[in-house]
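Have a look at this one before I ask anything.
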Amino acid sequence: MSFFEGKKRSRLYRRGLGAFIVVWGIALLLTLAVPIAPARADLRVDITRGQVEPMPIAVSNFFGASEEAGEFGRKISEVIARNLERSGLFRPIDNRAFIQGSESMQSGPRFADWRQINAQALVTGRVQVVAGDRMEVEFRLWDIFAEEHLVGLRLGSVSGQWRRIAHKVSDEIYRRLTGEVGYFDTRIVYIAETGPADKRTKRLAIMDQDGHNLRYLTDGQQMALTPRFSPTAQEITYLSYNQGIPRVNLLKIDSGQQEVLGKFPGMTFAPRFSPDGNSVILTMATEGNSDIFEMDLRSHKVHRLTNNPTATETAPSYSPNGDAIVFESDRSGEQQIYVMERKGSQSRRITFGKGRYMTPVWSPRGDLIAFTKSHRGRFYIGVIKPDGSGERILSQDYLVEGPTWAPNGRVLMFFRKPSHNPDSSELVSIDITGHNERIVFTTTDASDPAWSPLTP
Amino acid sequence: MWKKLFAVRSMLLVGAVLFVAGACESASEDSTVTIGEGDAVQTAEQIIDSDSAVDSVDAAPVEELDVASVDLSAPIPGTQEDLVQNVGDRVLFDYDSAVLTPEGRRTLERQAEWLRLFPEHSIMIEGHCDERGTREYNLALGERRSHAAREALIAFGIDPSRIKTTSYGKERPYALGHNKESWKLNRRAVSVVN
């Protein structure tokens, strides 16, 4: 069911963006944006197809009556335009080409002026600074050809949060123009790496999805690896060395408070939260054997999910409804991906291609599983359907590893050590269509990205 | 660097006993640094080289010379440096394997003898991998390697309570290249004296 819906949405996504303008009109009448995918028989999901033409959009400076408000308005517009541009779906028009000024738009856009510079959509807004440190932002999205107001939103916040306001506005624009939930008001937690490879410092770091507001969450004394966001709370589970032994930790982002999870007799690693946030699934290795366990965070009870004394079973990830778990195992001789029921029964192999398949991660939409693959000395990032069909490779290099999903299931991020400089490590994002591959800027080398859910 | 420290310290020392104690201390500091930088496949020539360098540079009183040269030519028995130079602190593995090679087994047999000589010592065996795998899988593989080494030491008669294991996966390479030679040196289990 959800799979079918995913397919329909993919079709919508793959169509020329011009088609969305038609969709909006209908969507407005029905006041329901999602189910209006024109599912034509001749359309199919095919990543070999050329890239879609990004939609030309004009993001005007948000108007402010005071100098301070005007400055915020300019910065907010800039963040919105950059977000939309990075998505690869929009082409913000250079604001030096704009004919109509921000102030005059307070009484409505002159559509002819915007048609003349080939804008298909227009974003306008207004900022008011109230009571010193608070601001109110109002924004509107316009369809230039239909001469219609599509959506409007009013947001209030302390002024220090202006970037989040810009991200929320970006999410709303994305939602109205693609029919998909956005992913701009999100954060990335990752491992910041410094120093030479044999004594590399690996610290936990967190930033907004656009690279701003960087903060370190650990001091680098203990090596940190593989952070994962809680889907429900401001918490991260990750691996930290504790007296020389890898242990899964739980960290509260705001207070910095943390604990080692459970009293396991062996080292623990590869943690991930359940979709309800109540459990953590992880791997414990002891006596030369790695198996998968689930720990209830409230009762601290631990259940063993795999018991295979001769195989390495690790890298588990839940399906979005929590009923199934995907993981990797070398029980067939080399690593392949398997899906099992939540309780650990009935596992079946889903990868049969050439090479090794590792670190499967279930999409938040449920329709795809992202993975790392290695074959003949190269690494690949790909996606496959949970039934094992439809495998597609999205990216490859000397080393690419550790995919993580944007909350809308449309974009993946992973880390890369490129052939031309395998000593470096960088974060990369890519659409699941295989297009729009971009380096995500970080101030240091970086690895193991994990995308947060949308911030409430 | 340590030689300087050593010289300053020895000038300040009055009694011979104190002097020897000081020498021991600085020598063990030195050995820690060497291990950290990790040249465990250091050759005999290199050791002799640094030895003779001290002899030629240091024209200090005879007593001092004696102590210094003893320190460098023969690491203090029971230290990590002793294990590295006289026994071998590590065993290497084939690609994606945690099976001990015959050579690895011989090294571990020597380690077992050494551990019998120093019954007060316990060790941590660190399992490591080359870079051609994911972080998660390599953590598991490193654990299998350190476990294999531990099992061998137990089979050679060492009390299991003296041997802990851990894994660094591919996170702490020994050789920094991206080629077969480096990968070979990085697939290892290293015994570290506590």
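The values are calculated or read from the model by the stated rules, or taken from the named source; none is laboratory data. The shown structure was predicted, so the numbers you read here are calculated from the model rather than taken from an experiment. Note that each Cβ is placed from the backbone with ideal geometry, even for glycine, and that neighbours are counted across all protein chains shown. For the accessible areas, the whole protein counts, side chains as well, though only heavy atoms, and no ligand, DNA or RNA atoms are used. Shrake-Rupley method; radii C 1.70, N 1.55, O 1.52, S 1.80 Å.
Among the residues of segment A:338-355, how many are surrounded by 15 or more Cβ atoms within 10 Å (Cβ to Cβ) and farther than 14 Å from residue A:388 by Cα?
Going through segment A:338-355 one residue at a time, the tally reaches 3.
Shifting gears a bit: Quick check on my filter: what residues within segment A:116-146 are in a strand (DSSP E or B) and open to solvent by 60 Å² or more (accessible area, probe 1.4 Å)?
Residues of segment A:116-146 in a strand (DSSP E or B): A:121-130, A:134-143.
Within segment A:116-146, A:126, A:128, A:134, A:136, A:140 meet the criteria.
A follow-up question, please. Regarding segment A:228-248, can at least one residue be identified that is open to solvent by less than 30 Å² (accessible area, probe 1.4 Å), in the same structural domain as residue A:364 (by TED's automatic domain parsing), β-branched (Val, Ile, Thr) and not in a strand (DSSP E or B)?
So in segment A:228-248, the residues open to solvent by less than 30 Å² (accessible area, probe 1.4 Å) come out as A:228-230, A:236-241, A:244-246, A:248.
Now restrict to residues that are in the same structural domain as residue A:364 (by TED's automatic domain parsing): A:228-230, A:236-241, A:244-246, A:248.
Remaining after also requiring β-branched (Val, Ile, Thr): A:236-237, A:245, A:248.
Right, trim to not in a strand (DSSP E or B) and you get none.
No, segment A:228-248 contains no residue that is open to solvent by less than 30 Å² (accessible area, probe 1.4 Å), in the same structural domain as residue A:364 (by TED's automatic domain parsing), β-branched (Val, Ile, Thr) and not in a strand (DSSP E or B).
Of all residues in segment A:249-267 being touching a residue at least 24 places away in the same chain (Cβ under 8 Å) and open to solvent by less than 20 Å² (accessible area, probe 1.4 Å), which is nearest to the other protein chains (Cβ to nearest Cβ)?
Residues of segment A:249-267 touching a residue at least 24 places away in the same chain (Cβ under 8 Å): A:250-251, A:253, A:256, A:261-262, A:264.
Next, from what is left, pick out any that are open to solvent by less than 20 Å² (accessible area, probe 1.4 Å): A:250-251, A:253, A:261.
On the way: A:250: 18, A:251: 18, A:253: 22, A:261: 16 Å.
Among those that are touching a residue at least 24 places away in the same chain (Cβ under 8 Å) and open to solvent by less than 20 Å² (accessible area, probe 1.4 Å), it is A:261.
Further question: Just for segment B:92-150: of the residues that are part of a strand (DSSP E or B) and open to solvent by 10 Å² or more (accessible area, probe 1.4 Å), which one is nearest to residue B:190 (Cα to Cα)?
Per the stated criteria, the residue is B:126.
Would you please name the residue that is nearest to residue A:320 (Cα to Cα), looking only at residues in segment A:409-421 that are in a loop (DSSP other than H, G, I, E, B) and open to solvent by less than 10 Å² (accessible area, probe 1.4 Å)?
A:409
Also: Any idea which of A:431, A:423, A:448 is at positive phi and charged (D, E, K, R)?
None of the other options fit; the residue is A:448.
Considering only residues of segment B:173-187 that are assigned to a loop (DSSP other than H, G, I, E, B) and either open to solvent by 60 Å² or more (accessible area, probe 1.4 Å) or within 11 Å of chain A (Cβ to nearest Cβ) (or both), which is nearest to residue A:422 (Cα to Cα)?
Filtering first and then ranking leaves B:178.
Also, I was wondering about something else. For segment A:387-403, give me each residue that is crowded, with 20+ Cβ neighbours inside 10 Å and more than 13 Å from chain B (Cβ to nearest Cβ). Give the derivation first.
Step one: list which residues in segment A:387-403 are crowded, with 20+ Cβ neighbours inside 10 Å, which gives A:394, A:399-403.
A:394, the sole residue that qualifies.
Can you pull out every residue in segment A:316-330 that is under 28 Å from the mean Cα position of the chain (by Cα), within 14 Å of residue A:360 (Cβ to Cβ) and open to solvent by 10 Å² or more (accessible area, probe 1.4 Å)? Full working, then the answer.
As a first pass, look at segment A:316-330 and keep what is under 28 Å from the mean Cα position of the chain (by Cα): A:316-329.
Checking the rest, the ones that are also within 14 Å of residue A:360 (Cβ to Cβ) come to A:316-320, A:324-329.
Result: A:318, A:320, A:324.
Can you tell me which of (1) within 14 Å of chain B (Cβ to nearest Cβ); (2) in contact with a Leu (Cβ under 8 Å, 6 or more places away or on another chain); (3) of a type outside the set (Asp, Glu) is the one residue A:355 doesn't meet?
Of everything listed in (1) within 14 Å of chain B (Cβ to nearest Cβ); (2) in contact with a Leu (Cβ under 8 Å, 6 or more places away or on another chain); (3) of a type outside the set (Asp, Glu), residue A:355 misses just condition (2).
Can I ask one more? Give me a count of the residues in segment A:147-165 that are surrounded by 14 or more Cβ atoms within 10 Å (Cβ to Cβ) and under 16 Å from residue A:57 (Cα atoms).
Residues meeting the conditions: 4.
Oh, and also: For the subset of segment B:95-110 comprising residues that are small (Gly, Ala, Ser) and out of contact with any Lys or Arg (no Cβ under 7 Å at 6 or more places or on another chain), which member is nearest to the other protein chains (Cβ to nearest Cβ)?
B:97
Residue-wise test of (1) small (Gly, Ala, Ser); (2) within 17 Å of residue A:191 (Cα to Cα); (3) open to solvent by 30 Å² or more (accessible area, probe 1.4 Å).
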site	(1), (2), (3)
A:336	no, no, no
A:357	no, no, no
A:382	yes, no, no
A:385	no, no, yes
A:423	no, yes, yes
A:438	no, no, yes
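Say we look at segment B:156-172 and pick out the residues that are within 12 Å of chain A (Cβ to nearest Cβ) and not charged (D, E, K, R); which of these is farthest from residue B:137 (Cα to Cα)?
B:160
So which residues in segment A:206-231 are away from chain B (no Cβ under 14 Å), among the β-branched types (Val, Ile, Thr) and more than 13 Å from residue A:186 (Cα to Cα), if there are any at all? Walk me through how you get there before you give the answer.
Taking segment A:206-231 first, the residues away from chain B (no Cβ under 14 Å) are A:206-219, A:221, A:229-231.
Now restrict to residues that are among the β-branched types (Val, Ile, Thr): A:206, A:218.
Selection gives A:218 alone.
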